[in-house]
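So the structure is just underneath, and the comments pick up after that.
The values are calculated or read from the model by the stated rules, or taken from the named source; none is laboratory data. These numbers come from a predicted model, not from an experiment. Ligands, DNA and RNA are excluded from the accessible area calculation, which covers all protein heavy atoms including side chains. Shrake-Rupley method; radii C 1.70, N 1.55, O 1.52, S 1.80 Å.
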Amino acid sequence: MRYQSTRGTAPELDFRDVTLAGLAKDGGLYVPVEWPSLSDAEIAGLAGLSYVETAVRVMAPFTAGSLDEAELRELCTQAYGRFSHDAVTPLVQLDHRHFLLELFHGPTLAFKDVALQLLGLFFERFLKGTDQHLTIVGATSGDTGSAAIDAVAGREGIDIFMLHPNKRVSDVQRRQMTTVLAPNVHNIAIEGSFDDAQAMVKAMFNDAGFASRFQVTAVNSINWARLMAQVVYYFYAAVRLGAPARQVAFSVPTGNFGDVFAGYVAAKMGLPVAKLVVATNVNDILHRALSSGDYSTGTVTPTAAPSMDIQVSSNFERLLFDLANRDGAALAEQMRGFESSKAMRLTNAQQQGAAALFASDRVEPDEMSQAMAWAASRADEILDPHTAIGLAAARRAPIAADIPIVTLATAHPAKFGDAVERATGLRPTLPGRIGDLFDREERYDILPATFDAVTAYIAERAKPR
Ligand SMILES: Cc1ncc(COP(=O)(O)O)c(C=O)c1O
Ligand SMILES: N[C@@H](CCOP(=O)(O)O)C(=O)O
């Protein structure tokens, strides 16, 4: 499988090089040159398979040429062996048509583990026998950070620098990152928003001096391997609900548009996805873009669902590219316009193409609390704020009544104990794996949100190529 950049001028790469590169050299994001497809018979053949086996069948076309199936299976077995539920991502039924897909049974209790546990192993596998040293730079609004750190802490040949917005992640999220004291882990709290952090990370890839000095790579969903691993659970869930004979819809709490873009990829591969509901909080740029074509940023409002407090949704670029006939030059111009004015209009083709598969919704704080109360009354489920936003949107989505709707449960409620308690009066307890989190020592530095301050900090600590 070859990969091309959304901005058209970076060289095509194979899976190994795309994984190690993270972002394309022309500032674009990598996507496969064509979507592989699974026939109805192949999708039907996933019924009853374990998560690992499903993962191998869904991902093998994407990793072809860089990993053989046996290697892929070995890495998946290792990655998903660290999950605390046998099903890895179990489905829970709430009523006759609403289901939760629990994606938080990994080591750091959010859906990020599904991809990052594997990505850590890909890095290790692709570095083996080389003298390369990777410098991972990442931005997190709370969950990617701990999942990436857990995946690479203590690994040879890798340093990780993780930027989070100071005081804008929950205490549990912060401590899950800052209490990992391995020498290759560097946590930076920046005096700014997640968007500021993400913009700095992208700028590091595009800074010729910095990128030539260090072998920089990404663990955010701008790295194709992240998205690829997230495609698997759409197949896993839909097949359990009757696909390919039956259509299934998904509601996805959305920020950086990575998780829901993985659903788009599943649909492109042949999964009968009836609708993908993009659920946002009050930071609703994606809802505005999908409902009216207006992709313009405002100030980020801190909310009870901090991981979705995002205005610039990186992976939206991948969708716009695919919906614009994969015209890299046109997309590059559209993105340059957005980068300078912080606003753009979708073309008619992009708007109509998106409307065929996506619906969107903005969920207010009281609606989020009501969804939490409803789930608690139906199935004794305590939802985290992000999942509650997804469920609120699912329950009023305009989707035919006979189609099951799966809400992606993206995080364990204990990561957001204060917000959950405020909304429901219930205090979720920290699972055993992090039961002593508040007794652990923390280590991180606070920096201004400037490119110079952050790159100087990294340059002092990272290992040059
Ligand atoms: C718990 C949780 N839910 C939802 C999201 C949004 O996912 P995405 O950024 O892939 O749209 C995030 C952050 O990415 C998250 O951490
Ligand atoms: N919500 C994310 C933000 C980064 O998203 P990513 O999926 O692109 O890594 C977080 O929790 O850090």
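Debye-formula intensities of the stretch 272-335, expressed as log10 I(q)/I(0) at q = 0.25, 0.29 Å⁻¹, are -1.14, -1.28 (one equal scatterer per alpha-carbon, no solvent). Counting only protein heavy atoms and a probe of 1.4 Å, the accessible surface of the stretch 33-91 is 49% carbon and sulfur.
Carbon-plus-sulfur accessible fraction, the stretch 203-283 (probe radius 1.4 Å, protein heavy atoms only): 47%. Tell me, how many Å apart are the Cα centres for the stretch 392-443 and for the stretch 151-228? So the separation of the two Cα centres works out to 24 Å.
Above 14 angstrom, tally the Cα pairs of the stretch 206-251 and express them as a % of all pairs, no decimals. Write out the running numbers ahead of the final one.
Working: 670 of 1035 pairs.
Looking at the stretch 206-251, the distances longer than 14 Å represent 65 percent of pairs.
The equivalent ellipsoid that matches the C-alpha gyration tensor of the chain spans semi-axes of 29, 26, 24 angstrom, in descending order.
Which whole-number value in Å³ per residue fits the convex hull of the alpha carbons of the stretch 299-378? Don't skip to the end; give the middle numbers.
Working: hull volume 9.8 nm³, N = 80.
Dividing the Cα hull volume of the stretch 299-378 by its residue count gives 123 Å³.
Averaging 1/r over each pair of different alpha-carbon atoms in the stretch 244-378 and inverting the result gives 15.7 Å, the Kirkwood hydrodynamic radius.
Relative contact order of the stretch 1-145: what whole-number percent is it, with Cα pairs under 8 angstrom and at least 6 residues apart?
On the way: 152 pairs, mean separation 25.0, N = 145.
Rounded, it is 17 percent for the stretch 1-145.
Give the Kirkwood hydrodynamic radius (Å, one decimal) of the stretch 227-289, defined as one over the mean of 1/r across all pairs of different Cα atoms. Intermediate results must be reported in sequence, preceding the final value.
Working: mean 1/r = 0.0836 Å⁻¹.
The Cα-based Kirkwood calculation yields 12.0 Å.
Calculation over all alpha carbon pairs of the stretch 351-465 in 10 angstrom steps from 0 returns a P(r) of 11, 29, 21, 23, 14, 2 percent.
Per the Debye formula on identical point scatterers at the alpha carbon atoms of the stretch 176-275, with no solvent, log10 I(q)/I(0) at q = 0.10 Å⁻¹ is -0.44. Report summary: the helix-based calculation at 222 nm, which adds -39500 (n - 2.57) for every DSSP H run with n ≥ 4 and divides by the residues of the chain, gives -13000 deg cm²/dmol. If each Cα of the stretch 114-240 is one equal point scatterer, what is log10 of I(q)/I(0) from the Debye formula at q = 0.10, 0.12, 0.13, 0.18 Å⁻¹? Per q value, in the given order, log10 I(q)/I(0) is -0.32, -0.46, -0.54, -0.99.
Given N residues in the stretch 1-86, what is Rg(Cα) / (2.2 N^0.38 Å)? Mind dumping the intermediate values first?
Numbers: Rg = 15.0 Å, N = 86, 2.2 N^0.38 = 12.0 Å.
Relative to the rule-of-thumb radius for its length, the stretch 1-86 sits at 1.26.
For the stretch 40-138, the convex hull spanned by the alpha carbon atoms encloses 140 Å³ per residue.
Taking only the Cα atoms of the stretch 395-447, the radius of gyration and Dmax are 17.5, 52 Å.
Computing Rg and the Kirkwood Rh from the Cα coordinates of the stretch 74-115 gives a ratio, Rg/Rh, of 1.05. Per residue, the accessible area of the chain comes to 35 Å², computed with a 1.4 Å probe over protein heavy atoms only.
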